[in-house]
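Before any comments, here is the structure.
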Amino acid sequence: TTRIVLASRPHGEPTAENFRTETVATAAPGEGELLVRTQYLSLDPYMRGRMSDAESYAAPTPVDGVMPAGTVGEVVVSRADGFAPGDVVLAYGGWQSHAVVPAAHVRKVDPATAPVSTALGVLGMPGFTAYAGLAAIGRPQPGETVVTAAAAGPVGSAVGQIARQRGARAVGIAGGPRKLEMLRELGFDAVVDHRSDTFAEDLAAAVPDGVDVYFENVGGRVTREVWRHLNLYARVPVCGLVSGYNATSLPEGPDRVPALMSSVLTKSLTLRGFIQTEFVPTHHDDFLREMGGWVADGSVRYHEDVVEGLEQAPAAFVGMLRGENHGKLVVRVAD
Ligand code: NDP
């Protein structure tokens, strides 16, 4: 088994020294477990949180521990009822070529329904995050305006397309012309480049009727600009704050909390943070049915950014936090 472990905790942006590649003997599965050969592993922003020992909603990855990741792979050895060699499963296998996982924590993936890598993206955790955050918190109504940043990533691109399925107008914010073109192809009604010098003006022009749902993925300057346009009773599902994940201190400047709280009061805003796992019991069946249908009939589409080889995972992960990925970032570990 080849695996990548957390060698040390990063300060700011992770570097090559924070990761170490190891080769170890492949473990044998115990009763109720599977040995899975990784085909795809998912790279997601939350992994930056696991590299840190700051307090969070989940325990940190221990130093020398395997970097965590959702994976899609093929069962090699099964010691669990209902699984056989050759089955393709979604597991939490981590950054490694083979993983022993409890069968109770995996889900079978049907290669006939959709490409298996979609179980890590549009039909997996990120797509579900978009679906549940909108269903439970954003609740877009026909004719309303829904804004999302990180719009070319798997969460944001699903937010915009689901909002359109609900009859709302979707506005996507992303970095650079290539991502804006991707968003137009996905059917976003308006697109805005947050790296442009005219970002504030472009955003204002894109939301002439204000903003009813701001799906918060990034924080920072993008949030400050969107905030000016929030309508009375706007809803803000607080999903992620990726612009700050490598930050080592609070931003400079005046205390903005009083102005923020004042806007919450005077505009009757709803801000509600969430971790997608909260909504699995209430929304996951609906997600698989509804999103599965939209993907199958082409009304929701997706982009994948496939990196070849486990050894590329650290650089690809750091690049994602800088915005270098175009669509859902996955590593192809083996065929
Ligand atoms: P993406 O593939 O969209 O990758 C992150 C993107 O963030 C980058 O590509 C970059 O795109 C954008 N970004 C980075 N820095 C900045 C910045 N300073 N300002 C604006 N945009 C920036 O990631 P995902 O779709 O997987 O995740 C999106 C968000 O959802 C993240 O915050 C993640 O943590 C969160 N999330 C939360 C979950 C939950 O349960 N609450 C579950 C899953 C994801 P660009 O070039 O467009 O700037």
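Annotations
- Number of positions in the stretch 28-71 that are in a strand (DSSP E or B) and more than 26 Å from C239 (Cα to Cα): 7
- Considering each residue of the stretch 241-254 in turn, at least one proves to be among the hydrophobic types (A, V, I, L, M, F, W, C) and outside any loop (DSSP other than H, G, I, E, B).
- Residue within the stretch 246-254 that is surrounded by 20 or more Cβ atoms within 10 Å (Cβ to Cβ) and touching a helix residue (DSSP H, G or I) at 6+ places or on another chain (Cβ under 9 Å) present: no
- The set of residues in the stretch 130-155 being within 13 Å of the ligand (Cβ to nearest atom), in a loop (DSSP other than H, G, I, E, B) and either closer than 12 Å to A170 by Cα or not small (G, A, S) (or both) consists of A149, A151.
- Residue under evaluation M47, criteria (1) open to solvent by 50 Å² or more (accessible area, probe 1.4 Å); (2) in contact (Cβ under 8 Å) with a residue 12 or more places away in the chain, criterion not met: (1)
- Test set (1) closer than 23 Å to P314 by Cβ; (2) assigned to a strand (DSSP E or B) - H11 fails condition number: (2)
- Given (1) closer than 24 Å to D44 by Cβ; (2) part of a loop (DSSP other than H, G, I, E, B), index of the condition S196 fails: (1)
- Residue within the stretch 187-197 that is farther than 22 Å from S243 by Cβ and touching a residue at least 24 places away in the same chain (Cβ under 8 Å) present: yes
- Residue identified as surrounded by 13 or more Cβ atoms within 10 Å (Cβ to Cβ) and without any contact (Cβ under 8 Å) to a residue 24 or more places away in the chain among E290, E324, E304, E311: E324
The values are calculated or read from the model by the stated rules, or taken from the named source; none is laboratory data. Fair warning: this is a prediction, and the values are worked out from it, not measured in the lab. Don't worry about glycine lacking a Cβ; one is built from the backbone with ideal geometry, like all the others, and counts go over all protein chains shown. Accessible surface areas use protein heavy atoms only, side chains included; no ligands, DNA or RNA. Shrake-Rupley method; radii C 1.70, N 1.55, O 1.52, S 1.80 Å.
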